[in-house]
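A.B. asks: There's a structure below that I have some questions on.
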2 protein chains.
Amino acid sequence: MKIAIDMDEVLADPIHKFIELYNRDYGIPLDLKLDAGNEIYHHVPEQINNKWFDYINEKGFFRNLPVIEGSVEAVKKLQEQHEVYIVSAAMEFRNSLEDKLDWLNEHFPFISWRNIIFCGDKIVNVDVMIDDRIKNFIDFKGRPLLFTSPHNLLITDYERVDNWQQVLDKLLVH
Amino acid sequence: MKIAIDMDEVLADPIHKFIELYNRDYGIPLDLKLDAGNEIYHHVPEQINNKWFDYINEKGFFRNLPVIEGSVEAVKKLQEQHEVYIVSAAMEFRNSLEDKLDWLNEHFPFISWRNIIFCGDKIVNVDVMIDDRIKNFIDFKGRPLLFTSPHNLLITDYERVDNWQQVLDKLLVH
């Protein structure tokens, strides 16, 4: 079985990085929790709510993101039974490309370059897609798994996974 | 219809760049013609035939490649009738990523970031794939069009296009 796995908010955690940068520049509290259905820019004053776009375009933003809990071990286990592809909509952010590849090579060195895809539209031919953004499921004919993130908590139309253990429970054959 | 178009030797011409660099460093003739079925490294002395791998990994290699004749106008015309994706197996060469995207934005600015894919395996869900490497056709279920390049001249198993006018003759609806 072929499985496509998204990066941001699935393998890597940009939200904590955003909060750190907003804290550094504007004093936004470091313990900020995002309300269900909200993006980071819903939680900061209006005059700086586009600032996340500047942050994300800076070289280095994606290079040192925290790894989502349990993802490294889970992807290793999935890889033993399935063909795993990392599929990230990185192409919108030119300066993210090298950072994202370097980050993958550091934290997921067991993923071959053959199995990494940076794209815009996710027109990949796979059986399962694990993603936190439902826009990537629109034309997808396989089985979508919505990986829980604050911004998608109000969505009820898709099979959901809250963490990597739940992914393994659904996709590993015992 | 969705059409995937390869970059190297289809939109961009790395062969002339290789010959220029081999000429600069080792005096290989600038008017070198590749024999049918041969790669550039078949035409240089054995002790330097891996040098192309160094060239290709240098920053800047892919930034100023010549554009393959007729490709810009042809892709524009295809785009009027079809959904065109640029699909390049760039992931093997970390230093090519920014160069390739910058090159596309310079010569094909009418291609959205949504329609650009840098990958390893070309597991894209499209109807037509235009490529000079038959390894990319192996698991492809659509219509492959083999774009002529010296290295593939001896291959007879695929529908072939020798230039961009032939692509238009096959894919444009009149």
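The values are calculated or read from the model by the stated rules, or taken from the named source; none is laboratory data. Treat the numbers as computed from the prediction; the structure is a model and nothing was measured. Note: ideal-geometry Cβ built from the backbone for every residue, glycine included; neighbour counts use all protein chains shown.
A.B. asks: Among the strands (runs of 3 or more DSSP E) lying completely within segment A:100-158, list those that include at least 2 residues that are away from chain B (no Cβ under 14 Å) and closer than 24 Å to A:Glu80 by Cα.
C.D. replies: Per the criteria, A:128-131, A:143-147.
A.B. asks: Under the condition of being outside any helix (DSSP H, G or I) and β-branched (Val, Ile, Thr), which residue from segment B:49-92 is surrounded by the most Cβ atoms within 10 Å (Cβ to Cβ)?
C.D. replies: The qualifying residue surrounded by the most Cβ atoms within 10 Å (Cβ to Cβ) is B:Val87.
A.B. asks: How about segment B:66-99: which of its residues are touching a residue at least 60 places away in the same chain (Cβ under 8 Å), hydrophobic (A, V, I, L, M, F, W, C) and either away from chain A (no Cβ under 14 Å) or more than 24 Å from A:Asp139 (Cα to Cα) (or both)?
C.D. replies: B:Ile68, B:Ala74, B:Val75, B:Leu78, B:Ala90
A.B. asks: Among residues belonging to segment A:34-48 that are under 23 Å from A:Leu154 (Cβ atoms) and without any contact (Cβ under 8 Å) to a residue 12 or more places away in the chain, point out the one that is surrounded by the most Cβ atoms within 10 Å (Cβ to Cβ).
C.D. replies: Going through the qualifying residues, I end up with A:Tyr41.
A.B. asks: When you check A:Leu97 against the structure, is it farther than 30 Å from A:Lys170 by Cβ, in contact with a helix residue (DSSP H, G or I) (Cβ under 7 Å, 6 or more places away or on another chain), assigned to a helix (DSSP H, G or I) and in the same structural domain as A:Ser149 (by TED's automatic domain parsing), yes or no?
C.D. replies: Spelling it out, A:Leu97 is indeed farther than 30 Å from A:Lys170 by Cβ, in contact with a helix residue (DSSP H, G or I) (Cβ under 7 Å, 6 or more places away or on another chain), assigned to a helix (DSSP H, G or I) and in the same structural domain as A:Ser149 (by TED's automatic domain parsing).
A.B. asks: Go through segment A:105-130 and report how many residues are out of contact with any helix residue (DSSP H, G or I) (no Cβ under 7 Å at 6 or more places or on another chain) and either farther than 17 Å from B:Ile117 by Cα or free of Cβ contacts under 8 Å to residues at least 12 places away in the same chain (or both).
C.D. replies: Final tally of qualifying residues: 6.
A.B. asks: Taking the residues in segment B:27-45 that are outside any loop (DSSP other than H, G, I, E, B) and farther than 27 Å from B:Ile117 by Cα as candidates, determine which candidate is farthest from the other protein chains (Cβ to nearest Cβ).
C.D. replies: It comes out as B:His42.
A.B. asks: Kindly indicate whether any position in segment A:10-26 is surrounded by fewer than 20 Cβ atoms within 10 Å (Cβ to Cβ), within 30 Å of A:Val173 (Cα to Cα) and more than 14 Å from every other protein chain (Cβ to nearest Cβ).
C.D. replies: Yes, segment A:10-26 contains at least one residue that is surrounded by fewer than 20 Cβ atoms within 10 Å (Cβ to Cβ), within 30 Å of A:Val173 (Cα to Cα) and more than 14 Å from every other protein chain (Cβ to nearest Cβ).
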